[in-house]
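The structure appears below as structure tokens.
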Amino acid sequence: MVEKFTQIILTILVLIFSIKLFVKGYKDSKSEFEKVLYTILSFAIIFPLIVYYLDRYNIPSKFGYTENIISSDWVSILTNYSATIISTLLSAVFLIFITFKQMDETYKDNIKLNNETQRIQNLPLLRYNFTHERLEGELFGENQKWIFSNQDDSNSDSIGFTMEIENIGLNTVRKVYLEVESELFNKKENIELCNQSNLEKNQLKKKEFIITNVAKGTYKIEITVYYQDLLKNWYKQKVHLTISVTNIYDSKTHDCNQINSVVVDDEEKLSREPAFVKKIKKS
């Protein structure tokens, strides 16, 4: 009697421990897929144990439901049960895995679509114009002058033009930087047009460029505009400028150079902040 009572107590403790282990594993599951899988596996393991112990101690028969099964028959029962459960579990796990994978891909696609929609809604649109306007103020400041020096100092002539950048998009542009490259000078020049201040919708900013020691001829200047939207996405857009320099003074432009053509490329989204921008911030 004592032995039977001890076995019953041990059985109850094993079941309680198994259930607690299942609950803990379920709570620790990181995804819905893991929770479903853990539930199925736990049920498949715990259920035959419950049935076995109920039959072993003849509990159902005591309530008049059924007679207990011969112990030798349990080998056949458990073998058939295990084969059925394994095949069912494999099918269920495969279907659950495929379903959750499709749900995860759909969720990621929706996130990408939502992010792209927001990006397009905040996409900056800049318009460029070049004039011979002369700006007043100190050198190298916002809306002021920037001087480039040609290494060939045998020519004393200088040319100048003003670049206008207007925000015609739907939202504010946070930062604007310029990178200027030309055959007139050997290295690229990086210019901060606006960093602390934004380029608001319909706002216009100007930058005057003066190039010294320029000989008569036709020159190409490439200006790459780097800018950031409100979502902190970086873009770049190249502006190709062709200028002719003559020794004939133009009374309309008050200069000896003429802007022949301006070609603007499509904007290009960047994966990260331009390297030279970080250097400008540190300087």
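The values are calculated or read from the model by the stated rules, or taken from the named source; none is laboratory data. Computed from a predicted model, the values in this text were never measured in an experiment. Because the Cβ atoms are built from the backbone with ideal geometry, glycine has one as well, and the counts that use them run over all protein chains shown.
Of the conditions (1) part of a strand (DSSP E or B); (2) surrounded by fewer than 18 Cβ atoms within 10 Å (Cβ to Cβ); (3) of a type outside the set (V, I, T), A215 clears all except one; give me its number.
Every listed condition holds for A215 apart from (1).
How about region 262-279: which of its residues are farther than 14 Å from K175 by Cβ, surrounded by 11 or more Cβ atoms within 10 Å (Cβ to Cβ) and either within 15 Å of the chain's Cα centre (by Cα) or not acidic (D, E) (or both)?
Of everything in region 262-279, those that are farther than 14 Å from K175 by Cβ, surrounded by 11 or more Cβ atoms within 10 Å (Cβ to Cβ) and either within 15 Å of the chain's Cα centre (by Cα) or not acidic (D, E) (or both) turn out to be V262, V264, K269.
Regarding F209, is this residue buried (at least 17 other Cβ atoms within 10 Å of the Cβ), part of a strand (DSSP E or B) and in contact with a His (Cβ under 9 Å, 6 or more places away or on another chain)? Write out each step before concluding.
Values: buried (at least 17 other Cβ atoms within 10 Å of the Cβ): yes; part of a strand (DSSP E or B): yes; in contact with a His (Cβ under 9 Å, 6 or more places away or on another chain): no.
Criteria not met by F209.
Here are some residues: Y227, Y177, Y249, Y235. Which one is surrounded by fewer than 21 Cβ atoms within 10 Å (Cβ to Cβ), in a strand (DSSP E or B) and modelled with pLDDT of 80 or more? It would help to see each step written out before you state the result.
Numbers: Y227 fails: surrounded by fewer than 21 Cβ atoms within 10 Å (Cβ to Cβ); Y177 fails: surrounded by fewer than 21 Cβ atoms within 10 Å (Cβ to Cβ); Y249 fails: modelled with pLDDT of 80 or more.
On inspection, the qualifying residue turns out to be Y235.
Against the definition (in the same structural domain as Y107 (by TED's automatic domain parsing), at pLDDT 70 or above and either assigned to a helix (DSSP H, G or I) or over 30 Å from Y107 (Cα atoms) (or both)), how does V14 come out, yes or no?
For V14, the condition - in the same structural domain as Y107 (by TED's automatic domain parsing), at pLDDT 70 or above and either assigned to a helix (DSSP H, G or I) or over 30 Å from Y107 (Cα atoms) (or both) - is met.
Each row is one residue, and each column tells you yes or no for (1) assigned to a helix (DSSP H, G or I); (2) touching a strand residue (DSSP E or B) at 6+ places or on another chain (Cβ under 8 Å); (3) surrounded by 12 or more Cβ atoms within 10 Å (Cβ to Cβ); (4) touching a residue at least 40 places away in the same chain (Cβ under 8 Å).
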{"site": "S87", "(1), (2), (3), (4)": "yes, no, no, no"}
{"site": "Q102", "(1), (2), (3), (4)": "yes, no, no, no"}
{"site": "T106", "(1), (2), (3), (4)": "yes, no, no, no"}
{"site": "N115", "(1), (2), (3), (4)": "yes, no, yes, no"}
{"site": "E133", "(1), (2), (3), (4)": "no, yes, yes, yes"}
